[in-house]
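Asker: Below are the structure tokens for one structure; questions will follow.
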Amino acid sequence: MVILKNVGLQTILFFETPVDLFARVFSELKPRTVVPSVRVEFCKFANANSFVRWDEDGLRFRITDVLEGAPAQILEALAYILLSKLFRRPAPKLHAERYRRYLNRKEMRRSLQLVKQMRGRKFVSGPRGECYDLEAIFEQLNARYFHSLLARPQLGWSRARSRTMLGHYDPSHNAIILSRFLDRPNIPPLAVEYVLFHEMLHLRFPVEHRGARRCVHTRAFKQAEREFRDLRAARELLKKICAADAR
Ligand SMILES: [Zn+2]
């Protein structure tokens, strides 16, 4: 299918539709395979993820709608990325880089954050757990390491007792969430304090973007983290706790 678009009186431009574009990339990657029927849908996801599925009904691309008005070059890059993933090969560097760079642009980051805020349902329990009250610990740490200058975000415990993700800071909801795994009597306060402190540093030192690169733990972040009392003991403790529970 080709869209004809009238521009002015005489000029007719031929545009490639998303369906044509994805089909073309398919035949470039699999030149000897007959191109299956292609469907492309733009979906209201809460993030920038996009998906492809290939079954008896053909190829079905589900693309985040934040890319709906994106330049053809970017959709093309995404087509290479998704199809390469489907064929289990690395995406061509040019396209991977182009796509990452586009998503990393300031306006794009802002609109993704908005989309996430509005569509993503974030579960934030209260700060008071069964053993630990995150609000009280936050204020202690705030006084001790931040001159009480850090504005308190939402604080809560995760629903799942994850041992691998002990805490995270979610900037789009301005929330620090600790794993419920830590809210237990056999977990020493130092462990909870350290994980919360680390997430508070994420609040204090936002992610830095340099071109396509993201720097999460910046130099300033790491330097500030070293001020934590018993940093080494705290890290050892976490390692031990996680290892013990795994058995
Ligand atoms: Zn971190």
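The values are calculated or read from the model by the stated rules, or taken from the named source; none is laboratory data. All of these numbers come straight from a predicted model, not from anything done at the bench. FYI the Cβ positions are ideal-geometry reconstructions off the backbone, even for glycines, and counts take in every protein chain you see. These accessible areas exclude ligands, DNA and RNA; they are computed on the full protein's heavy atoms, side chains included. Shrake-Rupley method; radii C 1.70, N 1.55, O 1.52, S 1.80 Å.
Asker: Roughly how many percent of the accessible protein surface of the chain is carbon and sulfur, given a 1.4 Å probe and a whole-percent answer?
Answerer: Values: 7930 of 15170 Å².
Whole-percent figure for carbon plus sulfur exposure: 52.
Asker: Which value in nm describes the separation of the simple spin-label points at MET118 and GLU130, placed 7 Å from the Cα toward the beta carbon?
Answerer: 4.0
Asker: Here is a follow-up. Name the shape class, rounded, prolate or oblate, that the alpha-carbon gyration tensor gives for the stretch 117-247, where a ≥ b ≥ c are the square roots of its eigenvalues, rounded holds for a/c under 1.5, and otherwise prolate holds if a/b is larger than b/c and oblate otherwise.
Answerer: Rounded.
Asker: Moving to a separate point now. From the helices alone, meaning DSSP H stretches of at least four residues, give me the mean residue ellipticity at 222 nm for the chain, per-run term -39500 (n - 2.57), in deg cm²/dmol to the nearest 500.
Answerer: Value at 222 nm, helices only: -13000 deg cm²/dmol.
Asker: How big is the Rg/Rh ratio for the chain, C-alpha atoms only, Rh by Kirkwood, two decimals?
Answerer: We get a ratio of 1.10 for the chain.
Asker: Please identify the GluC sites (Glu not before Pro) of the stretch 121-176 that satisfy two criteria: DSSP loop assignment and at most 12 other Cβ atoms within 10 Å. Which are they?
Answerer: Hits after loop and neighbour filter: GLU130.
Asker: Another question, if that's okay. Could you rank MET165, MET118, MET200 by how accessible they are, 1.4 Å probe, largest area first?
Answerer: Largest accessible area first, the residues go MET118, MET165, MET200.
Asker: For the chain, take the longest principal axis of its alpha carbons; what is the angle in degrees between that and the long axis of helix 106-119, to the nearest 10 within 0 to 90?
Answerer: 70
Asker: With all protein chains present, calculate the accessible area of PHE51 using a 1.4 Å probe and round the result to the nearest 10 Å².
Answerer: Counting only protein heavy atoms, PHE51 exposes about 90 Å² to solvent.
Asker: So what is the accessible area of the chain per residue, in Å², with the probe set to 1.4 Å?
Answerer: On a per-residue basis, the chain sits at 61 Å².
Asker: So, one more: In nm, to one decimal, how far is the modelled label at ARG109 from the one at CYS215, with both set 7 Å along Cα→Cβ?
Answerer: Rounded to a tenth, the inter-label distance reads 1.2 nm.
Asker: Within the chain, what is the number of lysine pairs with alpha carbons under 26 Å apart, leaving out pairs fewer than eight places apart on the same chain?
Answerer: For the chain, qualifying lysine pairs total 14.
Asker: What's the local net charge at SER158, with K and R +1, D and E -1, over the other residues with C-beta under 10 Å away?
Answerer: Neighbour charge sum, excluding SER158 itself: +2.
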